[in-house]
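These notes are about the structure you will find just below.
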Amino acid sequence: MAPVAVQNMEQSWNIEKVLNWTTLFFREHGMATPRLDAEILLSGILGMRRLDLYLRADRPLSETERGAYRELVLRRKEGEPVAYLTGEKEFWSLPLRVTPDVLIPRPETELLVETALRRIRIHRQEYPGTRLRVLDFGTGSGAVSLALASELEAMDLVALDLSGKALEVASDNARKHRNFIAFRKNRLLLVQGNAFEAFPDNGFFDFILANPPYIPSPELEGLSSEV
């Protein structure tokens, strides 16, 4: 079967037809999750939940919506990650803003959060009533700090990153979720700096978490552009 051409999207197509068309198009171009990618991109353009795409499957797309969606489809075909196209990624059930200035939170990072939660809870059983100071080293989007803040109480979380642009993203995410941070009596401090040079006078932490890039540089060239 010949590849589906982007230009063949008919003006009369509704949500169901557009989803089916895009799924086939992505599959033919080797996307790992063609249907999911199509749903996420279209729901973002239309301002709908993914479920609503099926509840309103016969809704036609306007010319403006088709044009915006077509642009995202082409960028996705070239390997641009869905999270960068939509500007959002869910992590630990929290919607987070992401940009190319930060790494996209990956499912594997939730293992770090799970391990930290387990060890912090053990620590609190041994030392009840203590307020903990936790460093999130290389915070990026703030995903790890915010995941911890959503689960635990009475912590001073310090989110450190060398990149000012990354901290702008983390700041946006902290503002988005500020209510549960305050409700659980947590404090989140964003700090720009290089490792412990940022804390010359107060560098003690009860826990230090880090999830740096872990792929050796020589292997990067052979990886997918999405990694």
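So the values come out like this:
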{"item": "Hydrodynamic radius (Kirkwood) for segment 137-182, which is based on Cα pairs only, to one decimal in Å", "result": "10.6 Å"}
{"item": "Net dipole in debye of the chain [+1 Lys, Arg Cβ; -1 Asp, Glu Cβ; about Cα centre; nearest 20]", "result": "720 debye"}
{"item": "Hydrodynamic radius (Kirkwood) for segment 6-86, which is based on Cα pairs only, to one decimal in Å", "result": "12.4 Å"}
{"item": "Nearest-0.05 FRET efficiency for Thr115 and Ala32, computed from C-beta distance (R0 22 Å)", "result": "0.25"}
{"item": "Amide H within-cut-off set for Arg133, under 5 Å, with H built and near neighbours excluded", "result": "Asp156, Asp206, Phe207"}
{"item": "Convex hull projection area averaged over all views, the chain, Cα basis, nm²", "result": "15.4 nm²"}
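Only the coordinates and a few stated rules stand behind these numbers; no lab work does. Since the structure is predicted, the reported quantities are computational estimates derived from the model, not experimental observations. Every residue, glycine among them, receives a Cβ derived from its backbone with ideal geometry; neighbour counts consider all protein chains shown.
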